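The values are calculated or read from the model by the stated rules, or taken from the named source; none is laboratory data. On a predicted model such as this, the values are computed, not experimentally measured, just so you know. Using ideal geometry, Cβ is built from the backbone for each residue, glycine included, and neighbour counts are taken over all protein chains shown. Quick note on the areas: whole protein, heavy atoms, side chains included, nothing else; ligands and nucleic acids left out. Shrake-Rupley method; radii C 1.70, N 1.55, O 1.52, S 1.80 Å.
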Amino acid sequence: VQQRNKKFFYLSPVCYIDLFQLHNLSEESELESVLAPDGAMEAATEAKSKGQIHHIGFSAHNKDTALKVVQTGLFETIQFPFNFLETQALEALHPAALEKDMGIIVMKPLGGGMLERADLCFRFLQQHPHVIPIPGVSNKAEFDQIMALYETPQPLTDQDRQDMESIRERLGDAFCRRCGYCLPCPQGVMIREAQMFPAIMNRLAPPQAMLFMKETIATVEECIECGEC
């Protein structure tokens, strides 16, 4: 209910969830827990039968587990990382999902913010019409930029491919996506913040960047290179 000019207007609520996704089924034990009696899938299915949920999907970060989830045939969508650096889903995961007539949602289309060239990211994704991205935006200008890239799609040029290869060589395919699943670090390293250091250096003058990252960089000195992150 909203008050306006001393009158009350009833705003009709959304009475169902169009797409309900079970988040991060990345381990077989998590899938088993979800599918167990009285598990999350049972509750979601019951809600769907009542019209409270229209579609049930899942998200994951582990390709092998995600493939097993797809093969259950119980889900209607899959949300998985996919961008021009992370293409492992193309080999088996996307084909399996398409065979099950599942919708494919692109997680991390901008690499969790590490890929600053939105034009490259979305031109790449437009070469794969079976996927739909869900990019994060921090302001309207970013939203407008992405919309423009889809309203007037352009094919990848030779220069685009060279630029993507240059970025790929610089970042590799195991870069931090700032998901936070490796946290907390036992040594107190501010992992996500530290991984943003290259981007901060590109955006700020070196003295400003060092001042801005001072606290973060101090924690990096505590790293024991255990390999967990």
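The set of residues in region 17-45 that are open to solvent by 40 Å² or more (accessible area, probe 1.4 Å), of a type in the set (V, I, T) and in a helix (DSSP H, G or I) contains only T45. If you check A141, A118, A97 for being at pLDDT 95 or above, farther than 30 Å from T219 by Cβ and small (G, A, S), only one passes: A97.
Checking R168, R203 one by one, the residue that is in contact (Cβ under 8 Å) with a residue 60 or more places away in the chain and of a type in the set (D, E, K, R) is R168 and no other. Counting only residues that are closer than 14 Å to F20 by Cα and of a type in the set (D, E), region 31-75 holds 2 of them.
Which is more than 30 Å from P155 (Cβ to Cβ), touching a strand residue (DSSP E or B) at 6+ places or on another chain (Cβ under 6 Å) and not in a helix (DSSP H, G or I), of I105, I56? Residue meeting the stated conditions: I56.
Residue-wise test of (1) within 17 Å of Q21 (Cβ to Cβ); (2) more than 17 Å from the chain's Cα centre (by Cα); (3) not hydrophobic (A, V, I, L, M, F, W, C).
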{"residue": "F82", "(1), (2), (3)": "yes, no, no"}
{"residue": "L90", "(1), (2), (3)": "no, no, no"}
{"residue": "A97", "(1), (2), (3)": "yes, yes, no"}
{"residue": "L110", "(1), (2), (3)": "no, no, no"}
{"residue": "L125", "(1), (2), (3)": "no, no, no"}
{"residue": "P133", "(1), (2), (3)": "yes, no, yes"}
{"residue": "S138", "(1), (2), (3)": "no, no, yes"}
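Picking from residues in region 108-134 that are open to solvent by 50 Å² or more (accessible area, probe 1.4 Å) and assigned to a loop (DSSP other than H, G, I, E, B), the one that is nearest to C176 (Cα to Cα) is E116.
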